[in-house]
Every structure is written in C-alpha cells, then in structure tokens.
Amino acid sequence: MQLTGEWISHPETQALCAALSSAGFQALFVGGCVRNALLGLPVSDIDICTDARPQTVSDIAEKAGFKAIPTGIEHGTVTIIAGHIPHEVTTFRQDLKTDGRRAVVAFSADIVQDAARRDLTMNALYARADGTVIDPLGGMADLLARRVRFVGDPSQRIAEDFLRILRFFRFHAHFADPELGLDGEALAACAANLDGLANLSKERVGQEMKKLLSAKNPAPAVAAMAHTGVLNALLPGASARFLAPLVHLEDDRPPDWRRRLVVLGGGHWDERLKLSRAETRDLTALHDGISALQSEAALGFRLGAELGQSAVLARAALFESPLLPAWEREVHRGAAARFPVRAADLPDLSGPDLGARLRQLQDVWLQTGLTATKADLLGR
C-alpha cells in the first residue's frame, strides 16, 4: 500500500527526507500522518523517525538549509522547519524505564523496537518518502477494521504512561467502528489502572478530554469510561447519561466540547482539567444559563449566539425536553437585540442603585420576550 497526498509530496518535506537518506539514514513517516492518510483524513502534523541521532539530524538539516530546533532532544526529537512546515524528527527509541508519566529512553536503530514502544497498533505504522507503507506489528489490519487496540499487553502499555487510558478512549471516539464496541482486554486494563490517573497533570487530562469530546460522537467512549470508573476518577460526580441525547439533538452541528462537558456535570472543571480563564468563563456561563431556565431569546441575549445555542441544546438534553421549532431563530434574535434603556435614561440614580435598577428593568424586558420599549420600561 502506498500513501499519496499534498503533505507527503511537498518539495521541502521530500527534500528533508532526501537529506537524511543521502547521509545514509532512514527517514520514515510515522504515527498520525500515516494513520490519517490511510483513512482519507486530513494530515496536520508531520512526524518522521530515523536511525540518525538527534545532533546528526540537526547537522544534516542545517547543512540542507533548514532550521533545527531542539524541542525534545533528550528524548530524541528535533523540530525541523522546512518550507515553513514543522517536521518532528525523532530517533528510533526503546524505553528503558518508565514511571507512568515519563520514560528513560535509549536510542535504537531497530524499527521494531521503536514500534513496540508505541501506544496503539494504528499508530505503529510507518511510510517511506515514496509513500510505501511499513507495518512492523500488523497494525494495518486494525486500522482498516477501525479497531483500536494497544500494542502488546494493554496493562504494560498503560503502566508506561497512564495518559494512554484517556488516549484509548479518545482514539475510539475519533477512529473506531462504532459497531465493533471497545476492546475488552483494553477496558479491563483501564479499570485495573485507575489509580495511575492521579499521577497525571491536570493540563494533560484537560487536553485529552477536550479532544475526546470534540469527536463527532464521543458518547459510546464516554459511556465506557463511566463503566470502567475512569470518568468518575477524572470528574467526580460526572455522568455519561445525557451525552448521547445531546449528540442526537446536535444533529450535524459542529461538535463543541464545552457544552458536552457541561452536560457531563461534575463541576469544578477549571480545578480538575487546568482550563484557561476564557474556557472556565464559558463553562460557568453555560452552566448558569442552563440553570436560569430563561427563554431561548434571553439566552441568546445574555450569552451570545454560539453559547446561547449550546445552552439551549444542553438544557434540552438534561431536561429530556424537545426543542421548540424556532429555537435557533429565537437565540439569534436575542443575540442581535439591544436593551433599550441606558444609564443616561435614569439621571436620578447613580452607583449601586443605578446598577440594580438597570438589572431589574432588563429582567422585565427579557420576561416580555425582548419586546418592551424604553417607554414601557421607564413607565413602570
């Protein structure tokens, strides 16, 4: 089997591979770029592995006129900028020692050793510069069947890096055939290694959860997370019950991890997932908007069109209630509306009294369906 695509045929990418090959080293594409290309999905990141040591990779790249950045040189990775395209070039490796978060590695010249240390079989596929696929562990069959399996013994792979528990569920959500279900041996290994999740940084967990919940339909994977105890270990009090109804209500709308996370519940997301201030603010606004039981137009006015729509969808899933026929139009109407009363319209008030009066009138305005005029409100 041979890969094709603009990413692999790009002149600068081919020039980098040629520079390594001309110096007597291997240059093989690996991981996500190979996996996605074989599945007909977009390729965003280009990873290359080689038997050249990191300093040698840097020397060869710079001699060829490319920029070398030692982004992870202790683990064998050098980022090569060729034609404004970043290429992560990593020396073949094998793990000598792991603690569930970090690994002590030794460089290798053996592709089988390199493949054996990877997490999932669908990520242990390689390709030469001409696109010829190399499959040292038989991962192609799993990929084509959309079957997500660990390389070798699942418990051993997880013990090397407990984040692989979350990666297993994320990859199932994005790439698996939903008719196959989840690999039983992998699920048992995830359940048996729950304690290791406490060793993960909140930032890494947050990144994985956001990616998982951005899949087209993460509900089966999240349900399996709940069944194995993974979901509660990460988000105490969370429930997978309402995620599938939400995905159904979303129809073909773009996935939004924020509304899906709110539907899972659990709260305290910023503490458990290391989110940005903006992300925490959006989640809080969504949670409060759902709890307020306001009209669709009011949610659009308070949250804006995007978050307003998410609040309506999440509320319908949580309350198991149907969506009104014109709910989207109402959200947009609210988002475009302008409250007719300004501070200047209340010259006799100032400070906290002014703020309280404006909030009171705004609540009245929202209760009228955003139809009351300035005269109506000031006459109250």
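What follows is calculated from the coordinates using simple rules that are stated; it is not laboratory data. No experiment lies behind these values; they were computed from the predicted model shown. Cβ coordinates were reconstructed from backbone atoms using ideal geometry, including for glycine residues, and neighbour counts include every protein chain displayed.
In units of the compact-protein estimate 2.2 N^0.38 Å, the chain shows a Cα radius of gyration of 1.24. Here segment 1-145 carries DSSP beta bridges of which approximately 80% are antiparallel, counting only pairs with both residues inside. Dipole of the chain computed with +1 at Lys/Arg Cβ and -1 at Asp/Glu Cβ about the Cα centre; of 52, 150, 227, farthest Cα towards the positive end is 227. With a cut-off of 8 Å between alpha carbons and a minimum separation of six or more residues, what is the relative contact order of the chain in percent? So the answer I get is 9 percent.
A convex hull fitted around the alpha carbon atoms of segment 339-378 yields 51 Å³ per residue. Here the contact order of segment 17-172, divided by its residue count and restricted to Cα pairs under 8 Å and six or more residues apart, works out to 20 percent. Note on the chain: lysine pairs with Cα distance below 29 Å, sequence gap of 8 or more or different chains, count 10. Spacing of the modelled spin labels on residue 201 and residue 276, each 7 Å from Cα toward Cβ, amounts to 1.7 nm. From the alpha carbon centroid of segment 221-291 to that of segment 1-71 is 37 Å. Per-residue ellipticity at 222 nm computed for the chain from its helices equals -15000 deg cm²/dmol, with DSSP H segments shorter than 4 residues left out and the rest contributing -39,500 (n - 2.57). Highest mean packing comes first when the peptides 286-298, 141-153 are listed by Cβ atoms within 10 Å, giving 286-298, 141-153. Applying 1/(1 + (r/R0)^6) with R0 = 45 Å to the Cβ-Cβ distance of residue 232 and residue 130 gives a FRET efficiency near 0.40.
Only the Cβ atoms of Lys and Arg (+1) and of Asp and Glu (-1) were treated as charged; on that basis the dipole of segment 232-380 about its Cα centre amounts to roughly 180 debye. Summing Cβ point charges (Lys, Arg +1; Asp, Glu -1) relative to the Cα centre of the chain gives a dipole of roughly 760 debye. Using the Cβ-Cβ distance between residue 248 and residue 343 with R0 set to 35 Å, the FRET efficiency from 1/(1 + (r/R0)^6) comes to roughly 0.20. Between residue 151 and 120, 121, the built amide H atoms are under 5 Å apart, and every one of these is 5 or more places off in sequence or on another chain.
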